[in-house]
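Notes follow once the structure below has been shown.
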Amino acid sequence: MITYAVLANPGHNRVYFEASKKLSLAELEIACRRFSVECRDFALAEIEGILYLTFNAEEPLSNDDLAWLSRLSFTYAIFELRKKESEVALIPIRKISSYYFNDDLNTILKYTGKTNELFTRLMINVALLSSDFYNTKDINLLDPVAGKGTTLFESLIAGYNSYGIEINPNVVHEAAVFFKKYLENEKYKHSLKKERMRGEAKSFTANFYRFEFAKSKEDFKAGKTLQLCMVAGDSRYSNRFFKKKMFHIIVGDLPYGVQHRNVSNQNQSSITRSPKELLNYCLPSWIESLKSGGVIVLAWNKFVLSREQMIEIFSRHNLKVLNDSPYTDFEHRVDQAINRDIIVAKK
């Protein structure tokens, strides 16, 4: 039996750090279910006044296991924990980094209402680990309520092809300008194509920003590229914007009824802050865009919609809601108006 201890990422802000203790344990347990060895005894442990997440493994973790452990949202450093009588020793284990971009891609841009980047990373990890594609290399992620791109940029850091839909064209333009500048500053070889789509009888319009990029000219020429596509349009038409069964995972942060907004009906100028209305209008299209075996992970505010109501909506659309522990352990308070939770549903 080997005991591992993981030092939590100090990059959490103070409020989220407190909430993240329980969330991190849930994320860890979901990840360990995919490891090559049996793991158990997940716990928070204080060692010399410092908080660690600990667990026991029947045998040493493989390189693939360590790679997943390294990319969990809370992981800052990994140790093997050894105890002998009253003495405790922490033996450092090298993290296996597989990130495509540096973290600064998602931390430079700051604005009111931005979702915590590490919470976003947690949602992406939970989605992929809960899907049939957790070991697939070329992942396509969709954020159907993309805002200024926190989920998209976090997905790019992980090396996934990233696609987002946002109703506000100004927000999409701002995110595209930011990303193009980032690619230029970091000297990534890239291209940007702008396109426009119109529905029949002008039922909708959408503007596309399609980025293709690579770390070098050689990789770009060889087709070793990643994709980022941001759509300024109505999320109900995701099945028109993209191919059917294109996405391995769908991850997003639904309107909280406080800050975020989205379309509620045929009139694109009409805005709702209700996640229930948004799901009723958009979920069928999102599901059509998702591969079989794919997973949807959405965060929402329980003060405006109960978990039971969320489960009913997803079950009505023939999705399997993962509703046992640790999937029920992600609820946490953001502020007085927001009690956030996530729902995990598989197609």
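Points worth noting:
- Segment 146-159, subset assigned to a loop (DSSP other than H, G, I, E, B) and surrounded by fewer than 24 Cβ atoms within 10 Å (Cβ to Cβ), residue modelled with the highest pLDDT: GLY159
- Condition broken by GLY164, with the remaining ones in (1) among the small types (Gly, Ala, Ser); (2) farther than 17 Å from SER235 by Cβ; (3) surrounded by 13 or more Cβ atoms within 10 Å (Cβ to Cβ) satisfied: (2)
- Scope segment 298-308; condition surrounded by 15 or more Cβ atoms within 10 Å (Cβ to Cβ) and outside any loop (DSSP other than H, G, I, E, B); matching residues: LEU298, ALA299, TRP300, ASN301, ARG307
- For segment 272-286, the condition holds for at least one residue, the condition being that it is without any contact (Cβ under 8 Å) to a residue 24 or more places away in the chain, part of a strand (DSSP E or B) and either closer than 30 Å to ASP138 by Cβ or not charged (D, E, K, R) (or both).
- With respect to the stated conditions, ARG14 is at pLDDT below 90 and either of a type in the set (D, E, K, R) or farther than 15 Å from PHE74 by Cβ (or both).
- Hits in segment 326-347 - residues which are without any contact (Cβ under 8 Å) to a residue 40 or more places away in the chain and of a type in the set (Ser, Thr, Tyr): THR328
- All positions within segment 114-145 that are surrounded by fewer than 23 Cβ atoms within 10 Å (Cβ to Cβ) and aromatic (Phe, Trp, Tyr): PHE133, TYR134
- Helices (runs of 4 or more DSSP H) fully within segment 1-112 counting 2 or more residues that are touching a strand residue (DSSP E or B) at 6+ places or on another chain (Cβ under 9 Å): 14-32, 63-71
- Summed over segment 73-95, the residues that are under 19 Å from GLU29 (Cα atoms) and either in contact with a Gly (Cβ under 6 Å, 6 or more places away or on another chain) or free of Cβ contacts under 8 Å to residues at least 60 places away in the same chain (or both) give a count of 1.
- Some residue of segment 323-332 being within 23 Å of LYS244 (Cα to Cα) and either out of contact with any Lys or Arg (no Cβ under 7 Å at 6 or more places or on another chain) or in a loop (DSSP other than H, G, I, E, B) (or both): no
The values are calculated or read from the model by the stated rules, or taken from the named source; none is laboratory data. Please read these numbers as outputs of a predicted model, since none were measured by experiment. Glycine also receives a Cβ, built like all others from the backbone with ideal geometry; neighbour counts cover every protein chain displayed.
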